[in-house]
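Trainee: So that we are looking at the same thing, I have put the structure below in C-alpha cells.
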Amino acid sequence: EDQVTQSPEALRLQEGESSSLNCSYTVSGLRGLFWYRQDPGKGPEFLFTLYSAGEEKEKERLKATLTKKESFLHITAPKPEDSATYLCAVQAIKRGSYIPTFGRGTSLIVHP
Amino acid sequence: DVKVTQSSRYLVKRTGEKVFLECVQDMDHENMFWYRQDPGLGLRLIYFSYDVKMKEKGDIPEGYSVSREKKERFSLILESASTNQTSMYLCASSSPRGHQPQHFGDGTRLSIL
C-alpha cells in the first residue's frame, strides 16, 4: 500500500527564517511526486511535479527536491503570505489509472 | 488555465436527504475525482472516473455514488445524508497522461444537520 508521511504537522517561522518541510513516501512504481499549496477555505493549488531522484524545481522562495525515499520543500526567507498548508502527493498506477496518494499536510505559519 | 468549478461553496442539508454536489471542468480532462477532506485525516478519495459513464470506487465509497454523463461534469450523490458526512468535499480533474497533476475546485463545505 502506498504511504505518504509529511513532517512536521505544523511549523511556525519568523519572517526571513528559512526552513524545510519533509515528505517521506513508499510507493510501488512512482509516476510523479507533487507539491500543492492550500489556503484556508480553498482547494489545493499545484506547485511542482518531480519525476525522478535528484530532480529539483524552484519557484520564488520555494525549492522542491526529490530522493528515492523522500522529498523536501525548502522555503528561503519566507514571508507572511507563504502561510498555508502544503500537501505532498505521490502518484502510481492503480486500477489502470494514475491515482495520487496524499499526505496529511504541513501547516505553515509565518509571523511578521 | 484549468478551471474546476464546484456548484456550491457552502451547503446545509438534513439527515436522510439526497444531496447532489456538482463539478465542472473546462480542460477536456478525461480523469475526474471526488475527495473529502477532514481535519487530521487529509484528503480521502471517494470515487474517480476515467471516462464518460465510467467510474471506480476510491478508498471510502460507502454512502456515496457518482454520475458522469458528460466529459466535463462529475456529480457526487449522497444517497441518504448522515451527520458523519459533514465535511469539505473537493473535486479534481487531470489529464490521463503520466506525471500530470490534479487541478482542484475550491470545495463545497457540506453540513448535515
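Trainee: Being more than 14 Å from chain A (Cβ to nearest Cβ), of a type outside the set (S, T, N, Q) and over 11 Å from the mean Cα position of the chain (by Cα): is that true of B:ILE112 here? Walk me through how you get there before you give the answer.
Mentor: Details: more than 14 Å from chain A (Cβ to nearest Cβ): yes; of a type outside the set (S, T, N, Q): yes; over 11 Å from the mean Cα position of the chain (by Cα): yes.
Yes.
Trainee: Considering only residues that are at the interface with another protein chain (Cβ under 10 Å from one of its Cβ atoms) and part of a strand (DSSP E or B), look in region B:11-37 and name the one that is farthest from A:GLU9 (Cα to Cα).
Mentor: We begin by selecting, within region B:11-37, every residue at the interface with another protein chain (Cβ under 10 Å from one of its Cβ atoms); these are B:30-31, B:33, B:35, B:37.
Then keep just the ones that are part of a strand (DSSP E or B); that gives B:31, B:33, B:35, B:37.
Working: B:ASN31: 30, B:PHE33: 25, B:TYR35: 21, B:GLN37: 16 Å.
It comes out as B:ASN31.
Trainee: OK, next. Let me confirm something: among B:PRO39, B:PRO96, which residue is out of contact with any Phe, Trp or Tyr (no Cβ under 9 Å at 6 or more places or on another chain) and open to solvent by 40 Å² or more (accessible area, probe 1.4 Å)? Let's see the steps before the verdict.
Mentor: Numbers: B:PRO96 fails: out of contact with any Phe, Trp or Tyr (no Cβ under 9 Å at 6 or more places or on another chain).
None of the others qualify; the one that does is B:PRO39.
Trainee: Another question, if that's okay. Specify which of the listed residues (A:TYR25, A:TYR36) is facing chain B (nearest Cβ under 10 Å) and part of a strand (DSSP E or B).
Mentor: Numbers: A:TYR25 fails: facing chain B (nearest Cβ under 10 Å).
Exactly one of A:TYR25, A:TYR36 is facing chain B (nearest Cβ under 10 Å) and part of a strand (DSSP E or B), namely A:TYR36.
Trainee: How many residues are of a type outside the set (A, V, I, L, M, F, W, C), facing another protein chain (nearest Cβ under 7 Å) and not in a loop (DSSP other than H, G, I, E, B) when one looks only at region B:95-109?
Mentor: So the answer is 1.
Trainee: Taking B:PRO61, is it part of a loop (DSSP other than H, G, I, E, B), modelled with pLDDT of 95 or more and surrounded by fewer than 17 Cβ atoms within 10 Å (Cβ to Cβ)?
Mentor: When the stated conditions are applied, B:PRO61 passes them.
The values are calculated or read from the model by the stated rules, or taken from the named source; none is laboratory data. These numbers come from a predicted model, not from an experiment. Reconstructed Cβ throughout: ideal geometry from the backbone, glycine too, with neighbour counts over all protein chains shown. Just the protein is used for accessible areas: all its heavy atoms, side chains included, with ligands, DNA and RNA removed. Shrake-Rupley method; radii C 1.70, N 1.55, O 1.52, S 1.80 Å.
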